[in-house]
Amino acid sequence: MEQPFRTTLAQLLKARFPIVAIESHEELRVLFEVRAVAGDADLVRTPRPVWTWSLTDGLRRDDGEEQGRTKDPADALDALLRLQQPVVAVFRDLHPSLGGAGQPGDAAVIRRLRDVATAFRSGAVPRSLVLVSPVSRVPVELEKDITVIDFPLPAEFEIRGVLEGMLRANAASPRLRIDLDDDGRERFAKAALGLTLHEAENAFARAMVNDGVLDLADLPVILEEKRQTVRKAGLLEFIETGPRLSDIGGLENLKRWLGRREGAWLADAADYGLPAPRGVLITGVPGCGKSLTAKAVAAAWGIPLLRLDIGRVFAGLVGSSEHNMRAAIRTAEAVAPCVLWIDEIEKGFAATGANDSGTSSRVFGSFLTWLQEKSRPVFVIATANEIESLPPELLRKGRFDEVFFVDLPTRAERGAIWSVHLGRWLRHPRVGGALTADHAVLTELTTLSEGYSGAEIEHALIAGVYDAFAERRPLRHDDVVRALVNMVPLSVTQAERIAAVRAWADARAVAATAAEDWDLGTPVAPTQPRPDGGGPHRPHGGRPVEF
Ligand code: ADP
C-alpha cells in the first residue's frame with residue numbers, strides 16, 4: 001500500500017472531516033488500512049477504535065457485539081450519534097440508501113448523515129464516519145459534507161504477498177510442480193498489477209491448475225486474466241502487440257520527440273532532475289498515423305498500452321462518469337509504467353458542460369488535475385480529430401508536454417509510407433511476385449498520391465490486391481495506379497475542413513513532420529487528387545520545431 005492513502009486519510013481524520021467516502025471493491029483491504037491509520041498515534045495523534053456497520057452485522061465495535069438493533073442504517077446512524085467517545089465508524093455498502101442513477105435516496109438516512117456531519121465536525125471528541133462501497137454516491141444534500149478519496153489498487157509487494165502465500169499453501173501438493181525463481185515471482189506479481197488482490201488470487205489459481213506446473217510459461221494466463229478483468233470494467237482495453245516505429249512512414253519530428261522520452265520514468269531520469277513526462281496530444285487530419293504512433297510507442301518502449309474509450313466514460317447513467325474516470329486512472333496507475341492512450345479525446349471533453357448538469361466539466365476538471373499532478377509514470381497519449389472543439393484548458397501550457405499536429409503526408413513522407421506498405425505486400429508469396437518497389441515505381445505512386453492520407457494509401461493498395469485476387473494472379477503496378485486514380489481522397493471531399501484544421505493548428509501545435517521532409521516551395525493545399533508531377537508542399541499546420 002502506498003503511503004499517500006494513509007497520509008491523506010490521517011489528515012482528513014485529524015482535520016475533522018466528518019464523512020469520508022472510499023470507492024473500492026476491496027472492503028477488507030480498506031478496513032485494514034483504516035485500522036492501521038486510526039490506531040497509529042504518529043498519524044492521528046489520538047488513536048481511536050474502529051467500529052463497523054453493515055446491513056447483515058449491524059453496528060459493532062471491532063470484534064464486538066452488535067450495539068442494540070442497528071441493522072437498519074437509520075438506527076445505526078442514531079446509535080452512532082449517541083456515541084460520545086473517539087471513534088472511526090466504517091459503514092460498508094451504504095450506497096443503496098443514498099440513491100443516484102435516477103433513484104431517490106432514503107430521506108431518513110440522508111437526513112441523519114447531515115446530522116452526523118454537523119455533530120462530528122464540531123463535537124468535543126474526535127469522531128469520523130467512513131463510507132466504503134464499490135460506487136460512491138453523493139446526494140446533493142451531502143455534497144458539502146462528504147469527501148471522496150481514492151483507494152489505490154494493490155501495490156506490487158501486496159500482490160507478491162498473495163502469490164507467496166499461495167505458493168506456500170500449495171507447495172506440498174503432489175499435483176502441482178512449482179518452477180519459479182525469485183525473478184519469475186517478481187514477473188508474476190508485476191503481470192498482475194492492475195488487479196485487486198482477489199482477482200490476482202484468481203489469476204494465480206488459474207495458472208496453477210491449468211497444467212499442474214507453475215512456471216514462466218503461465219505468464220500469458222495472468223495477462224489474459226488481467227485483460228478479461230480490465231475489459232469487464234468496459235473502459236480500458238489492453239493492447240498487447242503494436243506496430244514498430246519503423247512501420248510509420250514520416251512523422252520524424254514526433255518520433256524523435258517520443259524517442260527522447262524513452263525511459264523517462266526510470267530513476268535515471270530523475271537523477272538528471274527531469275520531471276516525469278505528462279504526455280502528448282496528437283491532433284490532425286484523420287488517417288495520417290496518430291493511432292499508429294500511440295501503438296508503436298508503447299511497443300517500442302516495451303511497456304503496456306491501455307486504450308481508454310472516452311466515449312464510454314460518459315456513456316453510463318449520469319453520475320457514474322466520475323466513477324468511471326477515477327477507476328480508469330486507478331488501473332492505469334497500478335499498471336504503470338504504461339502508456340495510457342486516450343483515443344478521440346474530443347468525444348468526451350468537447351461538449352463539456354453542455355447538457356449534463358456539469359458532470360462532464362467535473363470529470364474533465366479532475367482529469368486535468370490528475371494530468372498535471374500525477375506522480376505515477378503513466379505516459380498519456382491523447383489523440384484528436386475534431387480539434388477545433390477541444391476546450392482551450394486542455395491546450396494550456398503545462399497540461400501536455402507538447403501538442404503535435406499530423407498533417408497530410410509530404411512527398412517524402414508518402415514515399416516512406418509506400419515503402420512500408422508495398423514492402424509488406426512484396427514479401428507476400430502469392431501477391432508480391434510481379435511487382436518491384438524500385439525507384440521509378442515509388443516515384444510514380446508518390447506523385448499520384450498527393451493529397452492522400454496514409455490510410456488512403458493503404459486502402460488503395462488493398463483495393464489493388466482485390467483486383468489481383470479477382471483474377472488469381474500476383475499484384476501488378478497498374479492495379480495500384482488504377483485504384484489510386486479511382487479514389488477521391490478526403491483532402492478533396494473535405495478540403496475546407498482540412499484547411500480549417502490546419503489554420504487552427506498553425507498557432508497551437510508543433511508539426512509532426514520533420515523540417516527536412518518538408519517539400520520546399522510555396523505552401524499549397526492539395527485541391528487536386530492527382531496534380532501533374534506533384535506540386536511542392538509544406539505542411540500548413542504546426543510550428544517547425546527541432547528536437
Ligand atoms: P489516425 O491518424 O486517424 O489515428 P491511423 O493511425 O489509425 O490514423 O491510420 C490508419 C491506418 O493508415 C494505419 O493503421 C496505417 O496502416 C495507415 N497509416 C496512416 N498513416 C501512416 C503512416 N504515417 N505510415 C504508415 N502507415 C500509415
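Can you work out which of the residues in the range 227-260 that are out of contact with any Ser or Thr (no Cβ under 9 Å at 6 or more places or on another chain) and of a type in the set (Gly, Ala, Ser) is farthest from the ligand (Cβ to nearest atom)? Applying the filter and picking the extreme gives Gly234. Taking the conditions (1) farther than 21 Å from Ser24 by Cα; (2) of a type in the set (A, V, I, L, M); (3) touching a Lys or Arg at 6+ places or on another chain (Cβ under 6 Å) in turn, Val116 satisfies each one other than (3).
Of all residues in the range 457-470, those that are closer than 9 Å to Leu484 by Cα have Cβ atoms under 6 Å from Cβ atoms of residues that are within 10 Å of the ligand (Cβ to nearest atom), 6 or more apart or on another chain, in Ile457/Ile417; Leu461/His421. Given the condition part of a loop (DSSP other than H, G, I, E, B) and farther than 29 Å from Arg261 by Cβ, answer yes or no: does some residue in the range 417-428 qualify? Yes - at least one qualifying residue is present in the range 417-428.
Among the residues of the range 422-459, which ones are polar (S, T, N, Q) and more than 14 Å from the ligand (Cβ to nearest atom)?
We begin by selecting, within the range 422-459, every residue polar (S, T, N, Q); these are 436, 443, 446-447, 449, 453.
Within the range 422-459, Thr436, Thr443, Thr447 meet the criteria.
The residues of the range 427-455 that are buried (at least 23 other Cβ atoms within 10 Å of the Cβ) and either on the phi > 0 side of the Ramachandran plot or not hydroxyl-bearing (Ser, Thr, Tyr) (or both), listed by number, are Leu445, Glu450, Gly451, Gly454. You will find that of Ile462, Ile417, the residue that is of a type outside the set (Asp, Glu), at negative phi and in contact with a helix residue (DSSP H, G or I) (Cβ under 6 Å, 6 or more places away or on another chain) is Ile417 and no other. Ser419 versus (1) surrounded by fewer than 18 Cβ atoms within 10 Å (Cβ to Cβ); (2) in contact (Cβ under 8 Å) with a residue 40 or more places away in the chain; (3) away from the ligand (no atom under 11 Å from the Cβ): which is the lone unmet condition? Answer for Ser419: the failing condition is (3).
Reported count of residues in the range 220-264, each being touching a residue at least 40 places away in the same chain (Cβ under 8 Å), of a type in the set (Lys, Arg) and outside any loop (DSSP other than H, G, I, E, B), is 1.
Looking at Thr229, is it modelled with pLDDT of 80 or more and among the polar types (S, T, N, Q)? No, not satisfied. Hey, any hits in the range 275-283 for a residue that's among the charged types (D, E, K, R), assigned to a helix (DSSP H, G or I) and modelled with pLDDT under 90? No, the range 275-283 contains no residue that is among the charged types (D, E, K, R), assigned to a helix (DSSP H, G or I) and modelled with pLDDT under 90. Among the residues of the range 284-302, the ones that are farther than 22 Å from Ile329 by Cβ and either part of a loop (DSSP other than H, G, I, E, B) or more than 8 Å from the ligand (Cβ to nearest atom) (or both) come to 9 in all.
If you go through the range 356-415 and keep only what is without any contact (Cβ under 8 Å) to a residue 12 or more places away in the chain and assigned to a helix (DSSP H, G or I), you end up with Ser361, Gly365, Thr369, Glu373, Pro392.
Among residues of the range 190-219 that are in contact (Cβ under 8 Å) with a residue 12 or more places away in the chain and on the phi > 0 side of the Ramachandran plot, those with a Cβ under 8 angstrom from a residue that is of a type in the set (D, E, K, R) and in a helix (DSSP H, G or I), sequence gap 6+ or separate chain, pair up as Gly194/Lys226.
The values are calculated or read from the model by the stated rules, or taken from the named source; none is laboratory data. Because the structure is a prediction, the values reported are computed rather than measured. Glycine also receives a Cβ, built like all others from the backbone with ideal geometry; neighbour counts cover every protein chain displayed.
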